[in-house]
Amino acid sequence: IKFHVFDDANPNVNANGSEMKVWSFAAVAEKSLDSNELRSFVEKLFYITEPLRESEEWRSGDMLCAQASFAPILLQKMEQVQAQGKLAMVNQKLNTTKEIMADNIEMALARDESLQVLHAKSEETNMMARQFKKRAKQVKRFKMMQNAKNGLVLGTAVTAVTAIIIVPPLVALL
């Protein structure tokens, strides 16, 4: 990642106008480091070096002339970023775990609600089954009584017809 700062606040002015310096900050990192963390690191470098950029060593020195004075600060900041990166990874895993647990809790609550609905439906079905069984028993008894009445009427009719046909000839014979 690159970060450029244009500095035209230099008090040294030549005949052609003001002298402008461009401060370039660049960082190369592993893929595991989040780009936002890397961008934050480069911005921190910008703010840390702001007072140092006013020094003559930084403004007019050769390439890498400020390395001796800035290297320990940079190393310390890099170690902080590395530690923060590990902490960020742990926090990310923790947040992912929290999200998974929240989803699991939501699913468990939804499952509990659906189980309650199923339980209510099963209770209703059991009650309807008991009513059906009771009504079926009543209908069975009613049909048995109807069959008994019909059998009694039929038996009486058959006996009466038989008596009408058989009794007169027997009385005549006697």
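The values are calculated or read from the model by the stated rules, or taken from the named source; none is laboratory data. This is a predicted model, so every value here is computed, not measured. All Cβ positions, glycine included, derive from the backbone under ideal geometry; neighbour counts span all protein chains shown. Heads up: the accessible areas ignore ligands, DNA and RNA and are worked out on the full protein's heavy atoms, side chains in. Shrake-Rupley method; radii C 1.70, N 1.55, O 1.52, S 1.80 Å.
Laid out as a table, the results:
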item: Glu99 being open to solvent by 100 Å² or more (accessible area, probe 1.4 Å) and under 30 Å from Leu38 (Cα atoms); result: yes
item: Test: residue in the stretch 47-60 that is among the polar types (S, T, N, Q), at pLDDT 70 or above and not in a helix (DSSP H, G or I); result: yes
item: Single residue of Gln84, Gln116, Gln92 found to be open to solvent by 100 Å² or more (accessible area, probe 1.4 Å), within 30 Å of Ala26 (Cβ to Cβ) and either under 26 Å from the mean Cα position of the chain (by Cα) or polar (S, T, N, Q) (or both); result: Gln92
